[in-house]
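In what follows, a structure is listed as structure tokens, so that the remarks can point back to it.
The values are calculated or read from the model by the stated rules, or taken from the named source; none is laboratory data. Here the structure is a predicted model, which is why all the values come from computation and not from measurement. Neighbour counts run over all protein chains shown; Cβ positions are idealised from the backbone, glycine included. Each accessible area value is taken on the protein alone, full model and side chains, heavy atoms only, with ligands, DNA and RNA left out. Shrake-Rupley method; radii C 1.70, N 1.55, O 1.52, S 1.80 Å.
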Amino acid sequence: MSSARQEGKDTIIFVTKDDHATPSKAELVEEDPNDPYEERGLILPNGEINWNCPCLGGMASGPCGTEFKDAFSCFHYSKEEVKGSDCIEQFRAMQGCMQLYPELYPQDDEKSPSQTSQDSAEQSDVNSTSATEQDSVTTQASTESSVES
């Protein structure tokens with residue numbers, strides 16, 4: 001005979017060998033293909049976009065939701081040889097909107113090669129300035145100790 005006990009939010013069920021030996025009497029409910037609340041993934045069976053898919057991470061409902069939907073729809077339904085090449089304006093509009101909300105849509109930390117080389121040059125300037133300052137401090141300290149002697 002099985003038993004159950006509640007621990008916090010969990011229910012622990014202990015079963016016996018006999019419980020496992022008999023077939024389950026649970027009845028499975030057949031899925032309703034027209035259930036609007038059933039998660040079906042990004043693309044619905046009819047080919048439409050499921051804007052409620054958690055895989056979109058709320059992009060379709062944020063402040064740039066309209067721009068996102070326009071760009072994503074354009075890409076999804078694109079018939080161009082290079083898929084989405086006819087959607088540049090929609091993606092530019094989405095990007096422009098996202099730049100208005102940097103706290104919600106932070107920029108990638110990845111830098112372009114020109115930014116990386118520029119940052120390296122700036123860091124090199126900082127390092128050489130620091131080394132020059134250190135040399136002058138060392139020279140000044142040496143001079144002062146020579147004067148005292």
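Label SER24 and THR11 with points 7 Å out from Cα along Cα→Cβ: what is the distance between them in nm?
1.5 nm
Would you kindly work out the equivalent ellipsoid of segment 39-111 from its C-alpha gyration tensor and give its semi-axes, the square roots of five times the eigenvalues, largest first in whole Å?
Working from the Cα gyration tensor, I get semi-axes of 22, 17, 11 Å.
Kindly sort CYS74, CYS55 by accessible area of their heavy atoms, largest first, with the probe set to 1.4 Å.
The most accessible residue leads, giving CYS55, CYS74.
Sorted by accessible area with a 1.4 angstrom probe, largest first, how do LYS9, LYS69 fall?
Descending order: LYS9, LYS69.
In terms of solvent-accessible area of protein heavy atoms at a 1.4 angstrom probe, what is the ranking of ARG40, ARG92, ARG5, highest value first?
ARG92, ARG5, ARG40
Give me the one-decimal nm value for the distance between modelled label points at ASP86 and LEU100, 7 Å along each residue's Cα-to-Cβ direction.
The two pseudo-label positions are separated by 2.7 nm.
Let me cross-check ASP86: its accessible surface, 1.4 Å probe, with only protein heavy atoms counted, in Å² to the nearest 10?
Accessible surface of ASP86 is approximately 70 Å².
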